[in-house]
Each structure stands twice: as structure tokens, then as C-alpha cells.
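The structure appears right after this line, and notes come after that.
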Amino acid sequence: MATSPLGIIMNGVSGRMGYRQHLVRSILAIREQGGVELADGSRVQVEPLLVGRSESKLAEIAARHGLEHWTTDLDAALADPRWSIYADFLVTSARVPAITKAIAARKAIYTEKPTAETAADAFEIARLAQAAGIKNGVVHDKLYLPGLRKLKRVIDSGFFGRILSVRGEFGYWVFEGDWQEAQRPSWNYRAEDGGGIVVDMFPHWNYVLENLFGRVESVYAEAVTHIPERVDERGAAYPATADDAAYGIFDLAGGIRAQINSSWAVRVHRDELVEFQVDGTEGSAVAGLFGCRVQHRTGTPKPTWNPDLRDDRPYRDQWFEVPDNDVYENGFKVQWEQFIRHVVEDAPHPYDFFAGARGVALAEAGLRSSREGRRITLADLASGEQAETSLQSAPVGVSA
Ligand SMILES: NC(=O)c1ccc[n+]([C@@H]2O[C@H](COP(=O)([O-])OP(=O)(O)OC[C@H]3O[C@@H](n4cnc5c(N)ncnc54)[C@H](O)[C@@H]3O)[C@@H](O)[C@H]2O)c1
């Protein structure tokens with residue numbers, strides 16, 4: 001039944017994403033289920049090689065999960081033909097050099113986002129991978145959130161009529177690290193280490209908007225650092241040089257307006273850590289990580305503004321919950337299975353380095369918009385050439 005296992009170099013496996021989502025929830029879960037099923041009914045099993053900088057951490061993870069292979073020598077791993085896929089979960093600032101090596105070694109490559117710190121670098125590795133003819137893929141996990149999958153189903157049903165606008169709220173309070181430990185790594189708050197909420201979240205918003213509503217044509221954003229000083233993992237105070245909140249407006253192809261607030265300095269008064277409200281001529285929806293509620297025009301209340309009268313209408317109760325109607329597996333695992341099928345049997349996989357680079361370009365345009373205080377227009381980002389032109393040419397946008 002099983003063919004020979006597919007060897008996967010997992011670089012940065014001791015990190016938050018590398019360990020929990022990619023190793024435990026994806027690759028180990030795939031091993032446990034007996035591999036990935038292919039179109040012809042056969043299965044391909046996976047074999048991870050844990051890579052990192054700390055021997056003791058790698059040895060400990062390998063022992064905990066009964067894994068055989070680990071190394072701190074990335075070059076040797078890349079030179080070894082037993083390993084066909086290179087997977088990257090490093091801090092963003094370490095990604096491009098490692099991926100460039102993996103391209104030279106002609107491995108198939110799967111990576112966390114953002115693919116690079118600059119759009120120029122992101123398009124460069126996309127072009128290098130294309131020229132080398134290697135398979136490549138980038139994480140696009142938010143599309144697999146049950147709430148967004150239900151929203152996609154609602155969109156595809158034609159429920160909304162003409163979609164007018166999207167309002168997203170993402171965020172929660174990330175502790176400063178002094179009297180309570182921060183729940184995110186400190187590099188996230190240092191621009192010089194690749195941190196910042198724009199760099200982190202705009203790549204996600206790009207593929208969410210592009211796949212659900214339409215390509216992003218322009219962005220106006222304000223990136224701010226609300227908390228100027230934080231305390232790191234060792235208890236030392238450091239200046240937070242990266243943005244911890246971003247207020248963005250995105251114009252989408254087809255005329256849809258999207259507004260997304262992203263913040264690590266906001267307290268949650270929502271049902272979920274991310275929520276998108278979509279308003280259309282025929283109906284509206286509010287989708288989060290898990291849930292999705294809809295209100296059709298036939299069930300829409302008709303409020304009138306009267307500040308003299310207390311309004312007791314139960315607005316939140318006037319929505320219907322979209323049923324699950326499906327089994328939603330961990331999104332990281334589903335993406336891994338798709339990428340493995342892409343590598344092994346050439347199954348389609350549209351989320352490649354160019355898609356990743358469009359996300360980085362949106363982040364770059366968002367930061368530039370914030371710096372320059374104006375809207376930045378993105379050209380058609382089908383290829384890197386066009387994107388770089390759009391980002392480098394001077395007057396690319398007009399004020400709203
Ligand atoms: N898809 C998502 O939803 C999502 C969520 C969080 C983070 N991420 C991305 O995943 C990546 C990892 O983030 P994380 O939160 O797991 O970070 P982390 O700090 O927990 O892990 C980073 C890993 O990189 C390694 N590392 C750090 N500096 C390095 C260097 N100079 N050279 C080589 N290795 C180095 C660390 O040892 C660790 O294994 C980032 O690119 C981040 O943007 C994605």
C-alpha cells in the first residue's frame with residue numbers, strides 16, 4: 001500500500017508555528033493517518049527531518065514524538081537526496097537566505113508567510129523558483145477557517161446580491177511582558193527583526209480578500225505603535241520599533257470596499273478574535289474563525305434614529321447561524337496534504353510564491369501608505385515585474 005516515504009526538511013520546527021501547526025497538527029497527524037491519499041487511491045507517507053539551531057531542543061522534540069531524524073546542519077540536509085521538500089517556519093528575517101539555498105538545491109519548497117521582508121525579495125525568490133522549475137507553496141491558512149469556508153459557501157450561493165463592503169476586525173490584547181508574560185514572541189514588536197502587524201497580517205488579508213471578494217487594487221493604511229516599550233522573554237525591556245496596530249482601507253476589483261482593523265492593542269468585545277462583516281444588496285453576513293451568521297433583506301429590521309428613546313431591539317438575535325454541513329479539519333494539515341499532492345502527482349496548487357509575493361507587496365504598500373499619508377495603488381500583480389513597477393514608480397496613487 002505505502003510507497004517510499006516523502007522526506008520533508010522542517011526548518012524552524014522548535015518555533016511556535018513550526019512545532020504546533022506544522023509538525024504536530026500536520027505532519028505527525030498525516031503520519032498517524034497513514035499518509036496522504038493520492039488520486040489513484042495509493043498513499044504517500046511522510047518522514048520529517050527536524051532542523052534548527054539548538055541540538056538539545058531538536059533532540060527533545062524528536063524523543064517526545066519518537067522521530068528518528070534531526071540535524072542542525074541545513075546545508076547537509078539540503079544536499080541529501082532523501083529529502084525532497086524543504087519547509088520553512090523560521091522568523092521572517094531568516095527566510096530568504098534559507099529559501100534561496102533550498103532553490104539552489106532544487107527542493108520543492110513550502111513556507112510560512114510572509115515569504116520575505118520586501119516585495120522585491122519576495123518576487124525575486126518567486127522568479128528564482130519558477131526559473132528552477134521547482135514546486136513551491138505558501139501557507140494561506142485563514143481560508144480554511146470554518147467560518148471563512150462557510151462565508152465562501154454563502155458567497156458562492158449568490159446570497160449577497162451585489163457585495164458592497166467588507167469590515168474586518170482582527171486582534172486581541174498582547175500583554176506587554178512586564179507583569180504578565182507576552183503571549184507572542186518579542187521579535188514581533190521589533191521592526192529590525194521582521195516584526196510588525198502590517199508585515200504579519202496584510203499578507204493574510206491579501207489572499208483572503210483576493211480569494212473571497214476580488215483582487216486588491218489600492219490600499220490606504222495607518223500603521224501605529226500604540227505600546228512603545230515591551231519586555232522580552234528574558235525579562236528585559238526593549239523599545240517596540242514595529243507597528244502593533246494597522247487601520248486599513250482596501251479597494252477591491254469590482255468596486256467592493258474593504259476596511260480591516262488589525263491590532264495587538266485591543267480588548268476583545270466580539271464573539272471571535274477575527275470577524276468579517278460583509279454587506280450586500282440582498283443580505284449580510286458576519287463570519288469569524290468558526291461561526292458565520294447571515295441576515296437576509298427579508299429579515300432586516302428598520303431602525304430609526306431616536307436618541308430620546310432607549311432601543312431594546314435584539315439586533316444580534318436577528319441573524320441566522322450557517323450550519324457546519326461539513327467536517328472542517330485543521331487548515332494547516334489540509335494545506336500540507338494539498339501541497340504534497342502537488343509535489344507527488346502535480347495536483348493544482350495556486351498558492352505559490354507569486355501569491356505570497358502579492359501579500360508581501362500589499363504589506364509594503366500599506367506601510368508606504370502610512371508613511372506617506374496617501375492611498376497606494378497596486379498594479380495587476382500577476383507578475384513580479386508589474387508589482388515592482390507599481391511599488392517603485394512615484395505617483396502611483398491618488399487621495400480618496
Ligand atoms: N500562518 C500564520 O497564521 C502565522 C502565525 C504566526 C506566525 N507566522 C509566521 O511563521 C513564522 C514563524 O513565527 P513563530 O511565531 O513560529 O516564531 P517563533 O519565534 O516561535 O519561531 C521562529 C523559529 O525561527 C528560528 N530562528 C529564529 N531566528 C533565527 C535565525 N536568525 N536563523 C535561523 N533560525 C532562526 C527559531 O529558533 C524558531 O525555531 C514567521 O514568519 C511568522 O510570520 C504565521
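The values are calculated or read from the model by the stated rules, or taken from the named source; none is laboratory data. Just so you know, these numbers come straight off a predicted model, no measurement behind them. For neighbour counting, all protein chains shown are included, and Cβ atoms are generated from backbone atoms with ideal geometry for every residue, glycine included.
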Practice prompt. Return the total of residues in the stretch 177-209 being part of a loop (DSSP other than H, G, I, E, B), in contact with a strand residue (DSSP E or B) (Cβ under 9 Å, 6 or more places away or on another chain) and buried (at least 18 other Cβ atoms within 10 Å of the Cβ).
Written response: 4
Worksheet entry | Only listed residue being at pLDDT 95 or above and buried (at least 21 other Cβ atoms within 10 Å of the Cβ), chosen from 297, 230, 270 | 230
Item to complete: Need at least 2 residues that are touching a Lys or Arg at 6+ places or on another chain (Cβ under 8 Å) per element, so show me which strands (runs of 3 or more DSSP E) inside the stretch 210-266 make the cut, counting only ones lying wholly within it.
Response: 216-224, 237-239, 245-252, 257-263
Worksheet item: From the list 150, 142, which one is in contact with a strand residue (DSSP E or B) (Cβ under 9 Å, 6 or more places away or on another chain), closer than 18 Å to residue 326 by Cα, away from the ligand (no atom under 16 Å from the Cβ) and not in a loop (DSSP other than H, G, I, E, B)?
Response: 150
Worksheet, complete the sentence: Note on the stretch 1-56: residues more than 16 Å from the ligand (Cβ to nearest atom), touching a residue at least 60 places away in the same chain (Cβ under 8 Å) and either within 21 Å of the chain's Cα centre (by Cα) or surrounded by 16 or more Cβ atoms within 10 Å (Cβ to Cβ) (or both) are 6, 7, 29, 30, 36, 44, 46
Worksheet item: Within the set of pairs 6+ apart or on separate chains, which have a first residue in the stretch 179-190 that is more than 11 Å from the ligand (Cβ to nearest atom), a second that is among the hydroxyl-bearing types (Ser, Thr, Tyr), and C-beta atoms under 6 Å apart?
Response: 190/241
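Quick grid of which residues meet (1) over 30 Å from residue 244 (Cβ atoms); (2) hydrophobic (A, V, I, L, M, F, W, C); (3) at pLDDT 95 or above:
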position	(1), (2), (3)
315	yes, no, yes
321	yes, no, yes
327	yes, yes, no
334	yes, yes, yes
350	yes, no, no
357	no, yes, yes
382	yes, yes, no
392	no, no, no
396	no, yes, no
Worksheet item: Does residue 216 satisfy the criteria of being more than 16 Å from the ligand (Cβ to nearest atom) and under 30 Å from residue 159 (Cβ atoms)?
Response: yes
Worksheet item: Out of all the residues in the stretch 85-119, which are more than 26 Å from residue 193 (Cβ to Cβ), touching a residue at least 60 places away in the same chain (Cβ under 8 Å) and surrounded by fewer than 19 Cβ atoms within 10 Å (Cβ to Cβ)?
Response: none
Practice prompt. Return the total of residues in the stretch 283-328 being assigned to a strand (DSSP E or B) and either β-branched (Val, Ile, Thr) or within 18 Å of residue 145 (Cβ to Cβ) (or both).
Written response: 7
